[in-house]
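Contents: one structure, followed by commentary.
FYI, it's all coordinate maths here, none of it is from the lab. This is a predicted model, so every value here is computed, not measured. All Cβ positions, even for glycine, are placed from backbone atoms using ideal geometry, and neighbour counts span all protein chains on display.
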């Protein structure tokens, strides 16, 4: 049974995929690039099986490049993993953690699992498409029992004989599959089904014969994999302890100094020799990561003096490290570190945004990525624009009051039993207040003003 800590760790790893889709968007971008490569190398996917050398010759001839550059065109995707864990293992852990959840949290976890499975399916398709001699036989291949390791083995097949043995098996299965379609259950149907099972076994046996050494990782890759896994599983671990934990076959080939140098090239945050795994989205798209952080552990609000406030909150040493890293990456905002919590639990760390310029900057850049607090962000952006240019408008004060009520509603609409009457808020009026947004009116006023100035 998964512990609460394991559930929290698994949830952290998948919140990025569940609540924001930027990781998936990144994958889609990579897939679109691969599609472009596939179009460029479409002459290899004609169904005519070639050896690797013959493929390189074809690329060289068709794209007018030397053999060295032609060889570089044959690329295969890197192994798809999250924080050093394979996707099947991570999904298994998530499903175990889901058993402990109920209601909305369970639904969110289910959606997160579905998201990562969809992304992994896209990755597998990308792997198949990158093996050009195998791509025309995708239909029968998808009906076989295979995994990413099997695909990597097939990608390592260089000789014409090895490739043809796989293709022959797939073609036999494909032929039987076509025969059995729309066939009523009969003795002939049972016979063909049995032959299809035998063909599947032949396919697995053919892959099993491939030398495992062809896909074995180098010593350096194994060390990097161990280091990353150790950091993910032991937050705040140092280079010496990682070295001490290594198995003998890796321990004698490295030392703590080598590990500390290796960490510099990885997505790892170094806090005075304590290592933490940086979320990949923080490095890839800091604004998407900020939006996810604000959605989950942050706030967008205003006080009774109509001052806008945006902030992010994290606890403990790990939270402090991430706040400092985000502050460094963003370049603005005010840090409040190691604050005592009211419950005397872990110390609280905050990254807050107070000035109108800072709030506008953070919200504008995060706005496309918000999933839960987009309504709050739009209200603050409207308020700041009003405060800068329209304080003397006859509708300014009334709209400020409406924005205050709408912000209360956005922040407490999911709170059962919230006393709306205390804030003079009537739920039947919410749609009307939302419709009173002054953004379009301010656009019109500024456009008219611009035209007048131009004419003058």
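Can you give the FRET efficiency to the nearest 0.05 for residue 164 and residue 142, using r as the Cβ-Cβ distance and R₀ = 30 Å? Once the sixth-power term is evaluated, E becomes 0.90. In the distance distribution for segment 123-179, Cα-Cα pairs more than 16 Å apart total 38 percent.
Scaling the Cα radius of gyration of segment 266-397 by the globular reference 2.2 N^0.38 Å produces a ratio of 1.15. The order of the peptides 188-195, 382-389, 162-169 by mean Cβ neighbours within 10 Å, most packed first, is 162-169, 382-389, 188-195.
On the beta carbon distance between residue 62 and residue 248, with R0 = 56 Å, the FRET formula returns roughly 0.65. When peptides 49-62, 342-355 are ranked by their average number of other Cβ atoms within 10 Å per residue, the highest-first order is 49-62, 342-355.
Contour minus end-to-end for residue 329 and residue 284, with contour as 0.36 nm per residue of separation and end-to-end as the Cα-Cα distance?
Full extension of this stretch gives 15.1 nm more.
Each peptide among 421-431, 171-181 gets the average number of other Cβ atoms lying within 10 Å of its residues, and from highest to lowest they stand as 171-181, 421-431.
Could you compute the FRET efficiency for residue 340 and residue 397, with r as their C-beta to C-beta distance and R0 at 41 Å, rounded to 0.05?
0.60
In angstrom, the C-alpha Rg and Dmax of segment 219-277 are 10.0, 29. Our summary gives segment 122-244 a relative contact order of 25 percent, counting only alpha carbon pairs under 8 angstrom and 6 or more residues apart. Relative contact order, whole percent, for segment 328-428 stands at 16, derived from Cα pairs under 8 Å and 6 or more residues apart.
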